[in-house]
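The values are calculated or read from the model by the stated rules, or taken from the named source; none is laboratory data. Everything numeric in this text was worked out from a predicted model, so none of it was measured. Every residue, glycine among them, receives a Cβ derived from its backbone with ideal geometry; neighbour counts consider all protein chains shown. Surface areas here come from the heavy atoms of the whole protein model, side chains and all, with no ligands, DNA or RNA. Shrake-Rupley method; radii C 1.70, N 1.55, O 1.52, S 1.80 Å.
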Amino acid sequence: MEISVIVCLLVILLAIWIVSVRKKLAIMDENINHSMNQIGVQISSRFDALFAVLDLMKGYAADDIQPLMERAAARRSVITARSAPEEVSEQEQVIEETVKSIRLAAERNPLLCADKNYTKCMDAVECYGRMVYTSRLIYNDSVTKLNSALGMFPTNVIAGILGFHKREYLSQKGD
């Protein structure tokens with residue numbers, strides 16, 4: 001009788017432990033997904049500010065801007081919670097190439113550089129860029145926490161059974 005009670009208590013404790021591990025891992029995974037969603041929103045906002053600059057530039061250099069707008073629009077994609085880190089890097093590269101082209105066109109047109117709306121829109125592009133950078137740090141920190149937990153025994157056994165897996169890091173600019 002005593003042995004069966006002890007075995008029942010051990011099974012109950014094991015079940016409670018497994019549920020708590022699953023909850024902890026699910027929260028970490030959700031934090032990563034939330035961070036990636038946040039990056040997606042900020043990249044989308046950055047694109048919106050970029051297209052506002054391009055619209056403004058139509059009045060100054062329409063011939064140079066239309067192909068640039070079309071190229072950026074064609075390469076733009078939506079970043080979601082399930083997007084891969086490479087997709088984020090690709091979108092950031094599209095933005096950086098477009099910003100570089102805008103700055104080159106602006107250097108050739110002093111009236112554009114003097115336009116307050118141009119300055120305001122470019123400031124917004126840079127502001128969202130800093131937000132993306134900060135969100136990348138938060139994402140990578142969340143990935144580190146999950147990956148560390150998944151590397152620990154016996155959590156890694158339970159995680160494997162429950163379908164949790166290590167996540168990839170986002171590279172920082174210049175990596």
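Give me a count of the residues in the range 64-93 that are open to solvent by less than 10 Å² (accessible area, probe 1.4 Å) and either among the polar types (S, T, N, Q) or more than 23 Å from Asn33 (Cβ to Cβ) (or both). Residues meeting the conditions: 3. The residue pairs whose first member lies in the range 87-112 and is touching a residue at least 40 places away in the same chain (Cβ under 8 Å), whose second member is in a loop (DSSP other than H, G, I, E, B) and open to solvent by 30 Å² or more (accessible area, probe 1.4 Å), and whose beta carbons are closer than 8 Å, counting only pairs six or more residues apart or on different chains, are Ser89/Ser171; Gln91/Arg76; Gln91/Ser77; Glu92/Lys173.
Only a single item in (1) more than 25 Å from Met28 (Cβ to Cβ); (2) of a type in the set (Gly, Ala, Ser); (3) at pLDDT below 95 is not met by Ala81, and it is number (1). Annotation for the range 30-41: no member residue is of a type in the set (Gly, Ala, Ser), surrounded by fewer than 17 Cβ atoms within 10 Å (Cβ to Cβ) and out of contact with any Leu (no Cβ under 8 Å at 6 or more places or on another chain). I'm trying to understand the selection: among the residues of the range 46-63, which are open to solvent by 30 Å² or more (accessible area, probe 1.4 Å) and in contact (Cβ under 8 Å) with a residue 60 or more places away in the chain? Selection gives Ala52, Leu56. Each residue in the range 138-175 was checked for being surrounded by fewer than 11 Cβ atoms within 10 Å (Cβ to Cβ) and among the small types (Gly, Ala, Ser), and 2 pass.
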